[in-house]
Amino acid sequence: MIFDLTYISIAIASLILGLLLVLFIVRKTKKVRHKQIVGIQFILLIRDLITSTQKHRGWSAAYARGDQSVLGDLNALKQNMKHTSSRLEHNFPVTEFERWESYQDHWGRLSAHSEQLTLENTVKQHTQIVSNLLFLLEDIAEHYHLTVEHLSDFPNVGLLWRELLHVAEYIGQSRALGTGIATQQFCSSVEKIKLGFLHQKISEIANGTFNQLEQQKSKADSFTVSQKVSQAKQQIGQFCQIIKQELIDAEKIELDSKQYFSMATDAIQVINDIFDTEVNQIKDHFSR
Amino acid sequence: MVYLLRKAGMKQTFSLVWILILVTLAVLPWLPVWLGYAFSVAALVILALLFIAIIKELTELDEKLKQGEQVEYDYRKLELSALSLGKPVKQLIDLLRELSRQNNGLKARMSEVEHASLQVIESAQQVSYNVQAQSDSTNSTAAAILEMSQSLQQVAEKIKATFELSSLTQQDSEQGKVHLIQLKKEIEAVKQDADITQVQMSELDGLAESVAQMSKTIQDISAQTNLLALNASIEAARAGDLGRGFAVVADEVRALADRSSQAANQITNNVQQVLEKSHLVNESMKLVAERSGGCLDTAEQTENALNCMHSRAQEVQAEMQIISANTEQQNMANQEISEHVERVVQGARANAEVAEQAQAIANHLKTLTQNGG
């Protein structure tokens, strides 16, 4: 009888241990998935903040060039960004990230005095803030397990949080710089070097990213993404050609600033489309 | 065990193992000895497996870190968060992430420096080309100025020769003037002589007329003598033989009277001719006097012209002196320009060298950034 009890107790103990093990595994898997879902929402808000900061950079640059009409838009955008920051702080543990504190500090100082800054300085300050936010977004993606280690169905997920957004940022920088050049119809040697560097970076990173997106398609990848990548390749190729021919190599700049701004915005838009499509696919994957 | 570690997490796996050990220790007094040993061995085996799993994870971590260079220090490609090694690895990932970002930032800066250095190379090449072109142009300019300077030297020499010729012309005109004055004096002397000759010819005419008068008187005397000799012959005829001798004398006297008359006629004729010739000479002398006057006028006009020539030659000489001085100044200015151009050429050469050095530096910079990248 004792023998039987011993075996029964052993079996019960083993069962409990096994159940505990399964419980731990399931719990951790659920926790990771939950974090991933929260992380996606978190990232989308940070992306909104990045887009708003990029817009703020463009309008601040226009204001520094003497366009007073954007002052209303700038103030409205500041309110919008304040609202986004507030949402981030209330709904997500953004304050746990060092880069958020750094952003708050830098943005607080910049937004208070952005109208008094010179064109070069305002562009530089905004670019630093955008760069910090891009790193924050990447940190959040890793903290919330939105990496290829935890999303094996999405081998290109890392490209979304870094390369794709960096291409958009480089296009944004060349939009700010190129619009000023097209308005003044003069490109200094330093501006040529900056534009040449941006042109080189856009071409390098965009080609590398698009090739990887085409070669390593995710399981959930649809025809739409391939189509969007192909469209983006063409559009960014044309945009790079315009930068090279009309701004860097041109003896006399005749490019219309509004036309250039519109082309750059379209190029950013196709990148954002790919980003949104990929993010939606990840969301769909979570909801299954 | 590695799977369990990764799926459940290190903390949870260790918790489970500790629970297993505690449960084993708690129920050990009621268990048979052999079973107690069996549980202890199982617990030890599980612990050993756990440590082996941890060592495996550490070995994998070591291998992945060694792959760092192959994946260009992109920590994402190492997939370190898949390893279940708890906080230390998380901190390591954080550190790697920051290092990777710094590396990317540095790479981007290097890339920008490389791009800028390429632009510097292009600019330096352009400067070098421009400076070379400038140097060539300046060399050509210097050669042209040198040629111009030599040409000006020749012009100055020619001006000097012309000036000397002009001086000689002036001297000649002065000498001509002297000769002309002498000629004028001589013409005046000729005129005076002609006037004197005219006066003397008039006197000669008077004398010739008096000779003609005397010849007429002789003719009258001869006619009267002839008449007397005729009367004597008549008287001698009357006297007959006595008068014969007288008649011969009378004939002789008559013959003398005839010869005197003829001689007087001849003298008259000759005087007439002398008068005619004298008249002609007189006319000629008048013409000589008039022509001498004309010659004097012409000589005066020639003198005026020579005076004019002399003053013009002096003016030309003065102008030549000014031109000579200007040419000299121009020559000096040309030499100065030539020296400046030479300095510009030297500057252009120095600039070309500087541009080449800048190009070399930029190339070096590019090489450095490429090595660094």
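The values are calculated or read from the model by the stated rules, or taken from the named source; none is laboratory data. All values reported here derive from a predicted model rather than from experimental measurement. All Cβ positions, even for glycine, are placed from backbone atoms using ideal geometry, and neighbour counts span all protein chains on display.
Residue-by-condition table, conditions (1) over 24 Å from B:L78 (Cβ atoms); (2) surrounded by 14 or more Cβ atoms within 10 Å (Cβ to Cβ); (3) assigned by TED's automatic domain parsing to the domain that holds A:G58:
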{"site": "A:S152", "(1), (2), (3)": "no, no, no"}
{"site": "A:V157", "(1), (2), (3)": "no, yes, no"}
{"site": "A:V167", "(1), (2), (3)": "no, yes, no"}
{"site": "A:R175", "(1), (2), (3)": "yes, yes, no"}
{"site": "A:S189", "(1), (2), (3)": "yes, no, no"}
{"site": "A:L195", "(1), (2), (3)": "yes, yes, no"}
{"site": "A:S203", "(1), (2), (3)": "yes, yes, no"}
{"site": "A:Q227", "(1), (2), (3)": "yes, no, no"}
{"site": "A:D249", "(1), (2), (3)": "yes, no, no"}
Cβ contacts < 6 Å: first residue facing chain A (nearest Cβ under 8 Å) and at positive phi, restricted to the range B:6-20; second residue basic (K, R) and assigned to a helix (DSSP H, G or I), any location; separation 6+ or different chain. Result? B:G9/A:K28
Applying the selection to the range A:123-135, what residues are under 10 Å from the mean Cα position of the chain (by Cα) and more than 12 Å from every other protein chain (Cβ to nearest Cβ)? A:V130, A:L133
Can you tell me which of (1) at the interface with chain A (Cβ under 9 Å from one of its Cβ atoms); (2) modelled with pLDDT of 75 or more; (3) under 21 Å from A:S152 (Cβ atoms) is the one B:E63 doesn't meet? (1)
With criteria (1) farther than 19 Å from B:Q119 by Cα; (2) touching a residue at least 40 places away in the same chain (Cβ under 8 Å); (3) assigned to a helix (DSSP H, G or I); (4) over 23 Å from the mean Cα position of the chain (by Cα), A:L247 comes up short on (1)
With (1) basic (K, R); (2) touching an Asp or Glu at 6+ places or on another chain (Cβ under 8 Å); (3) modelled with pLDDT under 90 as the list, and A:K192 as the residue in question, which single condition is left unmet? (2)
Every pair of residues 6+ apart whose Cβ atoms lie under 6 Å, when the first sits in the range B:32-59 and is touching a residue at least 12 places away in the same chain (Cβ under 8 Å) while the second is basic (K, R) and surrounded by 11 or more Cβ atoms within 10 Å (Cβ to Cβ): none
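Being more than 8 Å from chain A (Cβ to nearest Cβ) and surrounded by 15 or more Cβ atoms within 10 Å (Cβ to Cβ) is the filter here, so list the residues in the range B:21-35 that pass it.
Step one: of the range B:21-35, the residues more than 8 Å from chain A (Cβ to nearest Cβ) are B:21-22, B:24-26, B:28-29, B:33-34.
Those that are more than 8 Å from chain A (Cβ to nearest Cβ) and surrounded by 15 or more Cβ atoms within 10 Å (Cβ to Cβ): B:I21, B:T24.
Out of contact with any Gly (no Cβ under 9 Å at 6 or more places or on another chain), of a type outside the set (S, T, Y) and away from chain A (no Cβ under 14 Å): does that describe B:V211? Spell out how you get there, then give the answer.
On the way: out of contact with any Gly (no Cβ under 9 Å at 6 or more places or on another chain): yes; of a type outside the set (S, T, Y): yes; away from chain A (no Cβ under 14 Å): yes.
The answer is yes for B:V211.
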Complete set of residues in the range A:136-176 that are more than 12 Å from every other protein chain (Cβ to nearest Cβ) and small (G, A, S): A:A168, A:G172, A:S174, A:A176
Out of B:S111, B:S137, B:S123, B:S128, report the one residue that is farther than 30 Å from A:H150 by Cβ, more than 14 Å from every other protein chain (Cβ to nearest Cβ), surrounded by 15 or more Cβ atoms within 10 Å (Cβ to Cβ) and not hydrophobic (A, V, I, L, M, F, W, C). B:S128
For B:E283, indicate whether it is exposed (fewer than 13 other Cβ atoms within 10 Å of the Cβ) and in the same structural domain as B:M214 (by TED's automatic domain parsing). yes
Failed condition for A:I253, given (1) surrounded by 13 or more Cβ atoms within 10 Å (Cβ to Cβ); (2) outside any loop (DSSP other than H, G, I, E, B), with all others met? (2)
Have a look at A:G108, A:G72 and point out the one that is surrounded by fewer than 13 Cβ atoms within 10 Å (Cβ to Cβ), away from every other protein chain (no Cβ under 14 Å) and closer than 26 Å to A:Q184 by Cα. A:G72
If we ask which residues in the range B:231-281 are small (G, A, S), farther than 30 Å from B:Q200 by Cβ and in contact (Cβ under 8 Å) with a residue 24 or more places away in the chain, their number turns out to be 3
If A:R87 passes every condition in (1) in contact with a Leu (Cβ under 7 Å, 6 or more places away or on another chain); (2) within 14 Å of chain B (Cβ to nearest Cβ); (3) not hydrophobic (A, V, I, L, M, F, W, C) but one, which one does it miss? (2)
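Identify, from the list B:A38, B:A53, the residue that is within 11 Å of chain A (Cβ to nearest Cβ) and either in contact with a Phe, Trp or Tyr (Cβ under 7 Å, 6 or more places away or on another chain) or of a type in the set (A, V, I, L, M, F, W, C) (or both). Even if it seems obvious, please write down each step before you answer.
Values: B:A53 fails: within 11 Å of chain A (Cβ to nearest Cβ).
Result: B:A38 is the single residue among B:A38, B:A53 that is within 11 Å of chain A (Cβ to nearest Cβ) and either in contact with a Phe, Trp or Tyr (Cβ under 7 Å, 6 or more places away or on another chain) or of a type in the set (A, V, I, L, M, F, W, C) (or both).
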If you go through the range B:142-155 one residue at a time, do you hit one that is touching a Gly at 6+ places or on another chain (Cβ under 6 Å) and either modelled with pLDDT under 85 or within 14 Å of another protein chain (Cβ to nearest Cβ) (or both)? no
Residue hits (the range B:229-248; surrounded by fewer than 15 Cβ atoms within 10 Å (Cβ to Cβ) and part of a helix (DSSP H, G or I)) are B:N231, B:I234, B:E235, B:A237, B:R238, B:L242, B:R244, B:G245, B:V248
